[in-house]
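Read through the structure below, which is laid out as structure tokens, and then see the notes.
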Amino acid sequence: MINELVIVSGKGGTGKTSLTAAFSALAKGTVLCDADVDAADMHLLMQPKICQTTDFMGGGQACVDPQVCTQCGTCRDVCRFGAIDETFTVQPILCEGCGVCVDMCPEKAIGFEPQKCGEWYLSDCKYGPMVHARLGIAEENSGKLVSLVRKEARNLAEQKGYGLILTDGPPGIGCPVIASLSGATALLIVVEPTVSGIHDMLRVAELASHFKLPGMLCINKFDLNPEMSDKIADIGQKHNMPVVGRIPFDSSFVQAMVAGQNIFEYQPESQLSKTIQKIWTQIIGSPAMNSMGVLDLQSTIR
Amino acid sequence: MIISVASGKGGTGKTTVATNMALAVEHDLTLLDCDVEEPNAHLFLQPAMTEKIQVETPVPHIDMEKCSLCRNCAAICRFSAITVVGKNVLVFPELCHSCGGCTLVCPEDAITEVGRVLGEIESGRRDHIFFSHGRMRIGEAMAPPLIKKVRSMAVSDAPVIIDAPPGTSCPVIAATYGVDFVLLVTEPTPFGLHDLQLAVEAVKLLGIPSGLVINRSDLGTDDVKEYARSEGIPVLMEIPFDRKIAEAYSHGKTMVEELPEWAGKFQNLYTQIERLVQAGGGMQ
């Protein structure tokens, strides 16, 4: 059976990627998956060697052929996205890719070629295989690309006989987040003890229960507001989401990032490293990650 | 004048900059929180909300009495939101992009459009600020239509500050398209720099002038500044890491209220943007 832990946060910048990278140093037999395709950062800590690059094709984009166009105005009338300007030129940024103009044009003057909207990569990094992607700037279809990288990560885990996929999720609760958590084993929500951190965590927690996924909480920078951290633990209890760890504010995370390393490479003997190791033991041993009740710590911790 | 406060990376301080700048400027303005997935500005601004509206997007409804099972609707739909199975027409509202194509091609006039709830918009005031934000329904995937609706809430002639969502894909474009200035907020870390580069590419694509705020400016390297210089993007403000700022933020307090020395700095930030917009922009 392949387990997949997805690390999310609702609010951006709470430390998802730094933590995921640290966990990957501890987890043996794991496929790493960066599902934040919109602003992927994991590769900066992993220096992956890209083995395979594949284009990600999105839907079609309308393009008016001025040679054929009679400027009758039908396309501008039917387009609900205001994507065709007075000169009968399609604004790619506004085009939704619905193709209604293509079908309604009496002169058949509008083409609809599929567009490349990004790339995805199969790579080798220091701890094993990694699947990641890059969505083109200002592109749509981020949810589709997220589903694609997760599917490839699962294929890879099956091929290699690996039991765990670690997925670094995107911020928010919309399309790419929904795509990154459907069918996962469990979620780890990384939260900061701030009013906005709690607010955003609650929305992700609701999304998790909407999709019936078990969740765990990890409080980052807990010492910036210890009372708020206790409040998060209380809220977690109500939502049946245990707090698996509290990490103090520590600029070593930033320094490790500057060095292009995870915390275990940068400061293997530090208190911070020991704290994260304990958190990982908690996660691996949690009921959420062991629905069958089988616990084999040796096989999952280096 | 419309200023969009954006960043590639999340958690860099967009909301902090947008709310503090709005509070520091002492004339009428509109603040729109367009991060409809995770709206946070209200937590710091604490406006008195006076209005709430539900936002819907049109999706097809099929009248099976009229339907002749011609499949024209399924053929035009690029999003697989309508299929015909046997003698049934199945509609998947969550896949529908509300393009209206199916209603146009139905020869039997069997398709009407009904509303699907995307979320809600709340509006209110705090002193000189008119505030509006969208909250996307949990489980909803489509943010851009709700973001566009939030932007339409700016009705007066007063300047507008938009708190944009993170990233560089469609929600960000919906929150920055057609604005006069993009204020990018980043941190001077490798992640901050990498995601800033993506955001700058997006801003260039839109052809909007931009400027930069570097948050937690002493936690990292000088690479962000060097990059900004090479791209000709002016650094308009630096906010050093200060435990007092972080703790005030954690309680939902703004810098302008807790650390009054910042009020002038945020006013100055706004004035600099005004000048850049009048002069035709920092970076084009």
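The values are calculated or read from the model by the stated rules, or taken from the named source; none is laboratory data. None of the values given here were measured: they were computed from a predicted structure. A quick note on method: Cβ atoms are made from the backbone with ideal geometry, for glycine too, and the neighbour counts reach across all protein chains shown. Accessible surface areas use protein heavy atoms only, side chains included; no ligands, DNA or RNA. Shrake-Rupley method; radii C 1.70, N 1.55, O 1.52, S 1.80 Å.
Figures for the structure shown
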item: Helices (runs of 4 or more DSSP H) wholly inside the range A:209-289 containing at least 1 residues that are acidic (Asp, Glu) and within 14 Å of chain B (Cβ to nearest Cβ); result: A:226-238
item: Among (1) more than 23 Å from A:Glu158 (Cα to Cα); (2) more than 10 Å from chain B (Cβ to nearest Cβ); (3) not aromatic (Phe, Trp, Tyr) - the single one A:Lys28 does not satisfy; result: (1)
item: Test for A:Pro171: is it outside any helix (DSSP H, G or I) and open to solvent by less than 10 Å² (accessible area, probe 1.4 Å); result: no
item: Test: A:Pro193 is at the interface with chain B (Cβ under 8 Å from one of its Cβ atoms), assigned to a loop (DSSP other than H, G, I, E, B), at pLDDT 95 or above and open to solvent by 10 Å² or more (accessible area, probe 1.4 Å); result: no
item: Filter pass, B:Ser230 being touching a residue at least 24 places away in the same chain (Cβ under 8 Å), under 25 Å from A:Arg134 (Cα atoms) and away from chain A (no Cβ under 12 Å); result: no
item: Output for the range B:237-284, where each listed residue is under 17 Å from B:Ala18 (Cβ atoms) and among the basic types (Lys, Arg); result: B:Lys253, B:Lys265
item: Residue match in the range B:115-133 (condition: outside the structural domain of B:Leu31 (by TED's automatic domain parsing), among the aromatic types (Phe, Trp, Tyr) and touching a helix residue (DSSP H, G or I) at 6+ places or on another chain (Cβ under 7 Å)); result: no
item: Flag for B:Ala164 being surrounded by 21 or more Cβ atoms within 10 Å (Cβ to Cβ) and touching a Ser or Thr at 6+ places or on another chain (Cβ under 6 Å); result: yes
item: All positions within the range A:152-190 that are among the hydroxyl-bearing types (Ser, Thr, Tyr) and within 12 Å of chain B (Cβ to nearest Cβ); result: A:Ser180, A:Ser182
item: Selected residue (criterion: nearest to B:Leu205 (Cα to Cα)) from residues of the range A:71-114 that are among the hydroxyl-bearing types (Ser, Thr, Tyr) and open to solvent by less than 80 Å² (accessible area, probe 1.4 Å); result: A:Thr89
item: Residues (in a strand (DSSP E or B) and crowded, with 24+ Cβ neighbours inside 10 Å) located in the range B:169-190; result: B:Val182, B:Leu183, B:Leu184, B:Val185, B:Thr186
item: Residue in the range B:119-135 that is open to solvent by less than 60 Å² (accessible area, probe 1.4 Å), touching a residue at least 60 places away in the same chain (Cβ under 8 Å) and not in a strand (DSSP E or B) present; result: yes
item: Qualifying position, being more than 12 Å from chain B (Cβ to nearest Cβ), hydrophobic (A, V, I, L, M, F, W, C) and in a loop (DSSP other than H, G, I, E, B), among A:Cys72, A:Cys98, A:Cys63; result: A:Cys72
